[in-house]
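As structure tokens, the structure follows; a few thoughts come after it.
None of the figures in this text is laboratory data; all of them are computed from the coordinates on show. The structure displayed is predicted, hence computed values, not measured ones. Cβ: placed from backbone, ideal geometry, glycine included. Neighbour counts: every protein chain shown.
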Ligand code: NAP
């Protein structure tokens with residue numbers, strides 16, 4: 001069994017970006033600029049946002065955090081997004097999820113200009129992925145993209161393998177399933193209504209769990225020698241610690257590769273966010289030439 005350290009891979013990606021950003025700044029005379037919006041005081045969200053701005057500082061991406069009250073209305077948030085859409089100095093806009101109940105997430109995500117959508121959640125970016133029309137303008141969602149990079153970093157064979165994804169969200173489950181399919185895996189997507197889930201997960205050469213239930217994936221649900229990617233991030237507000245979906249202690253011995261939580265998918269999500277910001281910047285500077 002080998003633990004895939006997302007922390008190590010993310011550090012390598014960020015080092016590379018740091019040099020690239022320094023070169024881009026001297027070439028174009030402008031610094032890539034990321035604006036993060038946080039609405040409310042959810043401790044998990046605050047911690048994720050701080051990880052993102054810290055990474056941007058490291059890479060040399062200009063960044064700012066706009067923090068609003070939990071009572072903010074949808075139209076107030078839309079006005080902020082539109083202001084940033086119109087600001088030619090802003091390359092990336094990230095609205096930290098989840099949003100308070102009174103704000104419709106999809107309305108906000110679709111309001112962010114697709115070329116500033118560093119999370120890759122806008123429907124145009126999603127359409128590029130799901131219709132296999134990816135170009136240099138497409139922004140891929142960070143967590144699924146990070147998962148593919150984690151698998152590839154260890155040369156884990158994807159083509160022809162059976163990949164099982166637990167979870168079908170637009171943010172993780174669905175896009176990672178499509179990315180695995182694009183790499184020629186045979187993909188099964190499971191969700192809360194799946195029957196005989198363990199029977200299916202036991203067939204997985206690659207098992208991706210993205211549900212957010214601590215210790216859900218037990219040893220008897222995993223095939224000997226499988227590569228297991230744990231996306232789950234359950235935040236314990238009391239301890240301030242996070243834990244994954246996989247019962248790591250009992251599952252890890254059965255696997256060929258496994259990601260830890262923390263230190264697995266999370267750091268790669270942030271590294272891919274930095275890559276996306278640089279990509280948006282490059283699209284903007286080449287558009288303005
Ligand atoms: P989500 O939108 O809540 O989706 C959860 C999915 O899990 C749903 O498709 C749900 O099925 C499925 N599910 C829930 N309980 C299940 C069960 N008992 N058996 C089978 N499937 C079940 O969550 P998400 O945004 O995809 O995030 C999933 C987890 O990943 C969360 O813990 C989140 O914090 C974490 N996450 C981590 C990162 C990172 O960077 N590490 C990034 C994003 C998300 P239904 O569709 O049937 O309801």
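When the Kirkwood radius is taken over all Cα pairs of the stretch 118-206, what Stokes-Einstein diffusion coefficient follows at 25 °C and 0.890 mPa s, in µm²/s? Let's see the in-between values first.
Working: Rh = 13.5 Å.
Reported coefficient: 182 µm²/s.
Counting residues in the stretch 139-188 as N, plug N into 2.2 N^0.38 Å and put the Cα Rg over that result. Each step should come with its number before you reach the end.
Details: Rg = 10.0 Å, N = 50, 2.2 N^0.38 = 9.7 Å.
Dividing the Cα radius of gyration by 2.2 N^0.38 Å gives 1.03.
Comparing 184, 85, 155, which has the greatest mean-square fluctuation in the GNM of the chain with Cα pairs linked when under 10 Å apart?
Looking only at 184, 85, 155, the largest GNM fluctuation is found for 155.
For the stretch 1-136, just the Cα atoms, rotate onto the principal axes and tell me the three extents in Å, largest first.
So the extents along the principal axes, rounded to whole Å, are 41, 40, 33.
Could the peptides 189-202, 107-120 be put in order, highest first, of the mean number of other beta-carbon atoms found within 10 Å of their residues? Could you put the intermediate results ahead of the total?
Numbers: 189-202: 14.4, 107-120: 20.9.
Most protected by this proxy first, the peptides run 107-120, 189-202.
For the pair residue 215 and residue 58, what calculated FRET efficiency results from E = 1/(1 + (r/R0)^6), where r is the Cβ-Cβ distance and R0 = 25 Å, to the nearest 0.05?
Details: r = 32 Å, r/R0 = 1.30.
With a Förster radius of 25 Å, E is 0.15.
Which three extents, in whole angstrom, do the alpha-carbon atoms of the stretch 208-289 cover along their principal axes, largest first?
Ordered largest first, the stretch 208-289 gives principal extents of 57, 35, 17 Å.
Compute the convex hull volume of the Cα atoms of the stretch 52-98, divide it by the residue count, and report the result per residue in Å³ as a whole number.
Numbers: hull volume 3.7 nm³, N = 47.
About 79 Å³ per residue, rounded to a whole number.
Considering all projection directions equally, how large on average is the shadow of the alpha-carbon convex hull of the stretch 73-118, in square nanometres? Kindly include the intermediate steps, with their values, before the conclusion.
Details: hull surface 11.6 nm².
Its Cα hull, projected and averaged over all orientations, spans 2.9 nm².
Running a GNM on the chain with Cα contacts under 10 Å, which residue among 96, 203, 131 ends up with the highest mean-square fluctuation?
Judging by the Gaussian network model, the answer is 131.
How long is the stretch 151-262 along each principal axis, judged by its Cα atoms, biggest number first, in Å?
Here the Cα extents, ordered largest to smallest, are 43, 30, 30 Å.
Given R₀ = 25 Å, what would the calculated FRET efficiency be for residue 110 paired with residue 135, taking r from the Cβ atoms and rounding to 0.05?
Details: r = 20 Å, r/R0 = 0.79.
Computed FRET efficiency for residue 110 and residue 135: 0.80.
Please work out the Cα convex hull volume for the stretch 178-240 and give it in Å³ per residue.
Numbers: hull volume 7.1 nm³, N = 63.
Taking only Cα atoms, the stretch 178-240 has a hull volume of 113 Å³ per residue.
Which percent of Cα pairs goes in each bin when the distances of the chain are cut into 5 angstrom slices starting at zero?
Calculated over all Cα pairs of the chain, the distribution is 1, 6, 12, 16, 18, 17, 14, 9, 5, 2, 1, 0 percent.
With viscosity set to 1.306 mPa s and temperature to 10 °C, compute the Stokes-Einstein D of the stretch 63-218, Rh being the Kirkwood radius across alpha carbon pairs; µm²/s, no decimals.
Estimated diffusion coefficient is 92 µm²/s.
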